[in-house]
Structure formats: C-alpha cells, structure tokens
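See structure below.
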Amino acid sequence: DSLVRQQNEQSHMRRIFLLTLIETASLILMAAIWLGVLLASTIIEPLGRIIYAAERVRDGDLSARVSVKRDWGEMSDLGSAFNRMTRQLRTQREDLVREHDISEQQRQFSEAVLSGVTAGVIGLTQDGRITLMNASAEKLTGFTAQHVLGHPVDVVFPEFTSAFNIARED
C-alpha cells in the first residue's frame, strides 16, 4: 500500500514537473517570438522608409530624405548615407542645369553674332570636333551644320587639318 502510494506521488510529481517544464518552455518560446518580432520591426520599419525615399528619388524628387533619429546602428548609418547621396545628387543636378543654361546662353549669343557675319565660321573643340557652323560656312562648304556637328574636322574637311594643327600648337 505504501509502495503504491509512493509511486502515485512520484507519478504525480513527474506530471507536475513535466507541466512546469512545458509551461516554462512555452513562456520562453513566446518571449523569443515576441523579441524576434520586436527586433524585426526595428529593422523593417527603417528599411521601409529608405525604400519609400528611394522610390521618390527614382521618380525625380531629389529632396527625399530619410528620418534617422529613432534608428540604431547600421540602419541609422544607412539612412544618413542615403541622405548624403540625395543631397549630393541634388547639388550636382542643380550645377548641371546651371552650366547647361550658361552654355545654352553662350551658344545662342554666338549664333546670334555669327548669323550676321558674312564670313564662314566653323567652331572647333580642342580635339578638333566641329561645334558650330554659321549659315555662310554652310553655303561655302555645301554641308549643313546638323550633319557635321560633333564630327572631327579632319574627317569632314581634311583640307583644314594642317591649319587646325598649326592653330592648336600655337
């Protein structure tokens, strides 16, 4: 009788121990899942902001910035690098537009001046590419500006090659 009672108590204690073990393991598992979800959201949310800002940049909005105040570690570094990149892109774009506007104004001025000149004028780059040709030069050479612009002078007008080389050396 005592032996059966002792075995029943041992069996009861094993069940309690097993249930306690299962309960503790379940709590640890739930805590690990909760911690994993929390950590994932701290990574996913900043990445989502960067992706959204990248889409805005792709659509041409170079003023897009990523908020990095709440982020930690590499996410904050990535957001800061993205912001530096978009600032640099915006500055470079503004510089290019400004330079293009200046170049276009100079081109229009040159064309306006050269349209009134009766002498044939051909503009060249340092490496000998044709950049400008007025109407008088078109009449004299028989070529239109749209067909020769950007081409090397020695290919289009081989007879001017020696004069160009002498001018370039001087």
List the pairs whose first member sits in region 1-30 and is touching a residue at least 24 places away in the same chain (Cβ under 8 Å) and of a type in the set (D, E, K, R), whose second member is surrounded by 10 or more Cβ atoms within 10 Å (Cβ to Cβ) and not in a helix (DSSP H, G or I), and whose Cβ atoms are under 7 Å apart, counting only residues at least 6 apart or on separate chains?
-> none
Of the candidates ILE51, ILE28, ILE22, the one satisfying the condition of being of a type in the set (Val, Ile, Thr), at pLDDT 90 or above and closer than 21 Å to ARG90 by Cβ is ILE51
Taking region 1-52 and keeping residues among the acidic types (Asp, Glu) and over 30 Å from MET75 (Cβ atoms) leaves ASP1, GLU9, GLU23
Name the pairs whose Cβ atoms lie under 8 Å apart, with the first residue in region 101-130 and of a type outside the set (A, V, I, L, M), the second at pLDDT below 85 and not in a helix (DSSP H, G or I), and 6 or more positions between them or separate chains?
-> none
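State yes or no: is PHE17 open to solvent by less than 100 Å² (accessible area, probe 1.4 Å) and among the aromatic types (Phe, Trp, Tyr)?
Numbers: open to solvent by less than 100 Å² (accessible area, probe 1.4 Å): no; among the aromatic types (Phe, Trp, Tyr): yes.
When the stated conditions are applied, PHE17 does not pass them.
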Just one of (1) surrounded by 10 or more Cβ atoms within 10 Å (Cβ to Cβ); (2) among the small types (Gly, Ala, Ser); (3) in a helix (DSSP H, G or I) trips up ALA112, so point out which.
-> (1)
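Here is a list: ILE50, ILE102. Which entry is open to solvent by less than 90 Å² (accessible area, probe 1.4 Å) and within 30 Å of THR131 (Cα to Cα)? Give the derivation first.
Working: ILE50 fails: within 30 Å of THR131 (Cα to Cα).
Criteria check complete, one pass: ILE102.
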Restricting to region 53-77, what's the tally of residues that are open to solvent by 80 Å² or more (accessible area, probe 1.4 Å) and among the hydrophobic types (A, V, I, L, M, F, W, C)?
-> 1
Looking only at region 118-125, decide whether some residue is closer than 30 Å to SER63 by Cβ, of a type in the set (Gly, Ala, Ser) and not in a loop (DSSP other than H, G, I, E, B).
-> no
Select, from THR161, THR131, the only residue that is outside any helix (DSSP H, G or I), surrounded by 11 or more Cβ atoms within 10 Å (Cβ to Cβ) and at pLDDT 85 or above.
-> THR131
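Kindly evaluate GLU9 against the criterion of being in a helix (DSSP H, G or I), open to solvent by 100 Å² or more (accessible area, probe 1.4 Å), over 30 Å from THR86 (Cα atoms) and modelled with pLDDT of 95 or more.
Values: in a helix (DSSP H, G or I): yes; open to solvent by 100 Å² or more (accessible area, probe 1.4 Å): yes; over 30 Å from THR86 (Cα atoms): yes; modelled with pLDDT of 95 or more: no.
Considered against the rule, which asks whether it is in a helix (DSSP H, G or I), open to solvent by 100 Å² or more (accessible area, probe 1.4 Å), over 30 Å from THR86 (Cα atoms) and modelled with pLDDT of 95 or more, GLU9 comes out as no.
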For GLY73, indicate whether it is small (Gly, Ala, Ser) and touching a residue at least 40 places away in the same chain (Cβ under 8 Å).
-> no
May I ask you to list pairs of residues, at least six apart or on different chains, whose Cβ atoms are under 6 Å apart, with the first in region 38-62 being outside any helix (DSSP H, G or I) and the second being surrounded by 11 or more Cβ atoms within 10 Å (Cβ to Cβ)?
-> LEU62/THR86; LEU62/LEU89; LEU62/ARG90
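The values are calculated or read from the model by the stated rules, or taken from the named source; none is laboratory data. Please read these numbers as outputs of a predicted model, since none were measured by experiment. Ideal geometry is used to build each Cβ from the backbone, glycine not excepted, and the neighbour counts take in all protein chains shown. To get the accessible areas, we keep the full protein, side chains included, count just its heavy atoms, and leave off ligands, DNA and RNA. Shrake-Rupley method; radii C 1.70, N 1.55, O 1.52, S 1.80 Å.
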